1. Identify all residues within segment 42-57 that are under 17 Å from the mean Cα position of the chain (by Cα) and touching a residue at least 40 places away in the same chain (Cβ under 8 Å); write none if there are none.
2. Output yes when any residue across segment 91-107 is β-branched (Val, Ile, Thr), out of contact with any helix residue (DSSP H, G or I) (no Cβ under 7 Å at 6 or more places or on another chain) and in a helix (DSSP H, G or I), and no when none is.
3. With respect to GLN237, determine if the residue is open to solvent by 30 Å² or more (accessible area, probe 1.4 Å), under 21 Å from the mean Cα position of the chain (by Cα) and either within 16 Å of the ligand (Cβ to nearest atom) or at positive phi (or both).
4. Can you say whether VAL55 is closer than 20 Å to ALA210 by Cα and part of a helix (DSSP H, G or I), as far as the supplied structure shows?
5. Quick one: is GLU275 charged (D, E, K, R) and modelled with pLDDT under 95?
6. Would you mind finding the one in VAL119, VAL113, VAL143 that is open to solvent by less than 20 Å² (accessible area, probe 1.4 Å), in contact (Cβ under 8 Å) with a residue 40 or more places away in the chain and not hydroxyl-bearing (Ser, Thr, Tyr)?
7. Looking at the structure I just gave you, is LYS319 more than 21 Å from the chain's Cα centre (by Cα) and away from the ligand (no atom under 13 Å from the Cβ)?
8. Only one of LEU216, LEU225 is touching a strand residue (DSSP E or B) at 6+ places or on another chain (Cβ under 9 Å) and open to solvent by 40 Å² or more (accessible area, probe 1.4 Å). Can you tell me which?
Amino acid sequence: MEITDPTVPKYLQNFQVSQECKNLISSLPEERGWVVPTMYKYQGFWHHTWQLQGVLSFQKHFHAQDTDILLVTAPKSGTTWLKAISFAITNRIKYPVTSSNHPLLKNNSHVLVPFVEHVYAENPNPEFSETPPRLFATHVPFVSLPESVHNSKCKIVYMCRNPKDLFVSAFHFTNKLRPQYMGKNSMEDMFDLFCKGVFLYGPYWDHVLAYWNEALRRPKEVLFLKYEEMKEQPGTQVRKVAEFYGCPFTFEEEKEGIVDAILGLCSFERLSNLEVNKEGYLPTGEMKQAYFRKGEIGDWKNYLTAEMAEELDMITEHKFQGSGLTF
Ligand code: PAP
């Protein structure tokens, strides 16, 4: 369907669903959605219809190249930030980070690095730039990545975030996206769903663990980052990312303070105060301002009861037991 109202997210509109997607949906388990009324479980993870259509098309049509970079996150893990940092690092020759015309000052990072499954939900044959490295982003769980990604040497950067802050962030974000007529979700209801694993592209724990294990197995191709570490040691993490992309900072760049320049350009304070991020909607219909809330570690303390925090901690401990992954 033609999108006429940019303020209504695409996944809430009556868009055309492929016959393949319709057939599949009729056979999938259903649960209550966070923004849309219903989500479906496909390959062990929860998706709403528009998302699922994108995942199927991404799986079917995407051809990964060894030089590609794929940024992967579970929703609300710091995607907006990782996209900005990665764009700034990989495009720094073409777009010097101190330039007053830098694309990140004029565009939201979700426009510069769109979610590849959203691109495929719209168009099964999108045209991507052929200049390497091609930078893509996705929330798709490891098991559902296209075969060509599994078979290529393309680089995957996964950023995870502690589940308590992630849940609180997701709760606020999804309530902002719900149109007034749908009413707001209660924190208790969404907490129960989250703990049951019913979350966009969730279960959260399975999403994280699959990429964690892959990073252990193939450290040259999969880099595992934590939002909290990026906040606490941003310089170290940004240098690690540049090195992983195969474009470490030169001595001259270091001398000129490129790391601080990238961190300044991509900081919450800088990006959230830009007109381009305060006003308007993404092409997919989400209000841009919803991607910038607090950008802090530990905000969960302001929202979760001691019992809720304990329950999430227990689930996390149980799920990650023996994996070596801790928060
Ligand atoms: P997505 O996965 O839906 O694309 P994502 O960017 O992961 O969204 O989630 C937004 C979170 O990242 C928000 O967290 P909060 O709700 O706890 O505040 C947002 O504030 C935070 N965020 C956005 N930009 C930055 C940034 N530049 N630095 C640090 N945190 C950021």
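1. Of the residues in segment 42-57, the ones under 17 Å from the mean Cα position of the chain (by Cα) are 45-48, 50-52, 54-55.
Result: PHE45, TRP46, HIS47, HIS48, TRP50, GLN51, GLY54, VAL55.
2. Within segment 91-107, none of the residues are β-branched (Val, Ile, Thr), out of contact with any helix residue (DSSP H, G or I) (no Cβ under 7 Å at 6 or more places or on another chain) and in a helix (DSSP H, G or I).
3. Details: open to solvent by 30 Å² or more (accessible area, probe 1.4 Å): no; under 21 Å from the mean Cα position of the chain (by Cα): yes; either within 16 Å of the ligand (Cβ to nearest atom) or at positive phi (or both): yes.
No.
4. Working: closer than 20 Å to ALA210 by Cα: yes; part of a helix (DSSP H, G or I): yes.
Yes; evaluated as a whole, the condition is true for this residue.
5. Values: charged (D, E, K, R): yes; modelled with pLDDT under 95: no.
No: the conditions fail for GLU275.
6. On the way: VAL119 fails: open to solvent by less than 20 Å² (accessible area, probe 1.4 Å); VAL143 fails: open to solvent by less than 20 Å² (accessible area, probe 1.4 Å).
Just a single option satisfies the conditions, and that option is VAL113.
7. Details: more than 21 Å from the chain's Cα centre (by Cα): yes; away from the ligand (no atom under 13 Å from the Cβ): yes.
So LYS319 passes the test.
8. LEU216
The values are calculated or read from the model by the stated rules, or taken from the named source; none is laboratory data. Just so it is clear, the structure is predicted and the values come from calculations on it, not from any experiment. Positions of Cβ are generated from backbone atoms using ideal geometry, with glycine treated the same way; all protein chains shown enter the neighbour counts. Surface areas here come from the heavy atoms of the whole protein model, side chains and all, with no ligands, DNA or RNA. Shrake-Rupley method; radii C 1.70, N 1.55, O 1.52, S 1.80 Å.
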